[in-house]
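Engineer: Got a structure for you, questions after.
The values are calculated or read from the model by the stated rules, or taken from the named source; none is laboratory data. Predicted model, so just to flag it, every value in this text is computed and none were measured. So basically every Cβ, Gly included, is an ideal-geometry build from the backbone, and we count neighbours across all protein chains shown.
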């Protein structure tokens, strides 16, 4: 059994700190990006730099799992930390650990190039491994005490004070010091390694943040459509375009264009939003839309165009009754057809709400 | 008490990261993906709210706060933000109502 000296304990505690910082910063960075993507959807545009590539993320996830597993292993080996049994957890924790493991395995699984059957076996093993690791990880970090570090430092200071300087054999001390360095080298490597990796991550994060800020300031200055709501609709329904620098319709050159000409039914036009009614002559299928405006209020000014966005037009008669549905005397089939179309209409225009309810029921 | 809250915060932190990582997986294992940002926000928050399960009153106060946010965002024509505030209002109201129902069936809890 390995006996832990105070310095060993301190080194182990210090080794915990860089892993905690690396994990916290990189995971926090990723959460912030995704929350911003949810709250500001224009960031999910194609050229966005902040959008982490799936392969990079995979490397990051594996690295973090490896670093944390390694640190936990060291602690279990040297400090005899008690393992947390899954059975001792409460119901809520078990479900959230299960969901978290599922999410992580789903992601790691996509990069495994194996047969489907083998993939499933490996995924199941990985699921249980992560499920077992998560409670240890949470326990490991929730028991982190900075005051404990301070306590050890005070103990070391007191030990040093007790040494009488006169009785020191300097040559022996030097040899002891060299011996100590060689003995403690494996322990020293851990904090050094994690500090270097931490610094690398910090540099990467700051570089990305700078590029992102530049990109965002560039986007906000552009005449740009960021979103179209809804992407699929039928004629004579209202559609909204969101974006930047649309201006306030100052002259007849501020126009919403489609491949079939300009759209006249504009309900609202302000700097960030254009609301319009889909024209009746727009053909079914995919249509391109863009905005045009003059650079200044003067009609002589240069004309500017936005990026093109797609709007899919569906057949109106899939949702509304046709003339032939109202025959006299009406048959049962006519009533049935009108009811089905009405139901389809309700579902189509309330799809977001229905989806949400469905997911809630499934949950 | 403090340790319990810290533990819950760490679990929420890991869950949020795992949920967003899951959104990046092209072909998820066994289930499908939801791409709607509002539903994503909702699903990322549900387990966290459930884990913390603070009192019904706190949830109602938060719901009222988010409702005010929704109203202000709508007044200032920020529909995008209003949408997000509305879904958060809904989340907290649902949590509050569920807790009240739970109390009805199990008054000792």
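Engineer: Counting only residues that are closer than 27 Å to residue B:13 by Cβ, within 25 Å of the chain's Cα centre (by Cα) and at pLDDT below 70, how many does the range A:112-163 have?
Structural biologist: So the answer is 0.
Engineer: Additional query: Of the residues that make up the range A:66-89, is at least one on the phi < 0 side of the Ramachandran plot, within 21 Å of the chain's Cα centre (by Cα), more than 12 Å from chain B (Cβ to nearest Cβ) and at pLDDT below 75?
Structural biologist: no
Engineer: Can you say whether residue A:284 is modelled with pLDDT under 90 and more than 28 Å from residue A:217 (Cβ to Cβ), as far as the supplied structure shows? First the steps, then the outcome.
Structural biologist: On the way: modelled with pLDDT under 90: yes; more than 28 Å from residue A:217 (Cβ to Cβ): yes.
So residue A:284 fits the description; yes.
Engineer: Would the range B:18-32 turn up any residue that is in a helix (DSSP H, G or I), within 10 Å of another protein chain (Cβ to nearest Cβ), over 30 Å from residue A:109 (Cβ atoms) and modelled with pLDDT under 85? Show your work before the answer.
Structural biologist: So in the range B:18-32, the residues in a helix (DSSP H, G or I) come out as B:18-24.
Of the ones still in play, those that are also within 10 Å of another protein chain (Cβ to nearest Cβ) are B:18-24.
This time we only want the ones that are over 30 Å from residue A:109 (Cβ atoms), so: none.
Checked the range B:18-32: no residue is in a helix (DSSP H, G or I), within 10 Å of another protein chain (Cβ to nearest Cβ), over 30 Å from residue A:109 (Cβ atoms) and modelled with pLDDT under 85.
Engineer: List the strands (runs of 3 or more DSSP E) inside the range A:244-344, counting only whole elements, that have at least 1 residues being over 34 Å from the mean Cα position of the chain (by Cα).
Structural biologist: Numbers: elements: A:255-258, A:261-263, A:266-269, A:273-277, A:285-294, A:303-305, A:309-313.
Correct list: A:255-258, A:261-263, A:266-269, A:273-277, A:285-294, A:303-305.
Engineer: Also, quick follow-up: Quick one: count up the residues across the range A:301-336 that are modelled with pLDDT of 85 or more and more than 19 Å from residue A:347 (Cα to Cα).
Structural biologist: Looking only at that region, the number is 8.
Engineer: Let me ask another. What residue, among those in the range B:33-52 that are over 17 Å from residue A:35 (Cα atoms) and within 7 Å of chain A (Cβ to nearest Cβ), is modelled with the highest pLDDT?
Structural biologist: Pass one, the range B:33-52, residues over 17 Å from residue A:35 (Cα atoms): B:33, B:50-52.
Within this subset, residues satisfying the condition of being within 7 Å of chain A (Cβ to nearest Cβ) are B:50-51.
Values: B:50: 73, B:51: 77.
In this case the residue turns out to be B:51.
Engineer: Here is a follow-up. Search the range A:32-47 for residues being surrounded by 17 or more Cβ atoms within 10 Å (Cβ to Cβ) and touching a helix residue (DSSP H, G or I) at 6+ places or on another chain (Cβ under 7 Å), and hand back the single one that is modelled with the highest pLDDT. Please lay out each step first, then the result.
Structural biologist: Quick first cut of the range A:32-47, residues surrounded by 17 or more Cβ atoms within 10 Å (Cβ to Cβ) only: A:33-34, A:37-38, A:42-43.
If we keep only those that are touching a helix residue (DSSP H, G or I) at 6+ places or on another chain (Cβ under 7 Å) too, we end up with A:34, A:37-38, A:42-43.
Working: A:34: 75, A:37: 70, A:38: 68, A:42: 61, A:43: 55.
Among those residues, the one meeting the criterion is A:34.
Engineer: Is it the case that the range A:211-229 has a residue that's closer than 26 Å to residue A:320 by Cα and in contact with a helix residue (DSSP H, G or I) (Cβ under 9 Å, 6 or more places away or on another chain)? Break it down stepwise before answering.
Structural biologist: So the first thing to find is which residues in the range A:211-229 are closer than 26 Å to residue A:320 by Cα, and the list is A:228-229.
Retained after the next criterion (residues that are in contact with a helix residue (DSSP H, G or I) (Cβ under 9 Å, 6 or more places away or on another chain)): A:229.
Yes: one or more hits.
Engineer: Right, here's the next one. Output the qualifying pairs, or none if there are none: Cβ atoms under 9 angstrom, residues six or more apart or on different chains, first residue in the range A:231-250 and within 13 Å of chain B (Cβ to nearest Cβ) and surrounded by fewer than 18 Cβ atoms within 10 Å (Cβ to Cβ), second residue modelled with pLDDT under 85 and in a strand (DSSP E or B).
Structural biologist: A:240/A:229
Engineer: Separate question: Does the range A:225-238 contain any residue that is touching a strand residue (DSSP E or B) at 6+ places or on another chain (Cβ under 8 Å) and assigned to a helix (DSSP H, G or I)?
Structural biologist: The answer is no; no qualifying residue exists.
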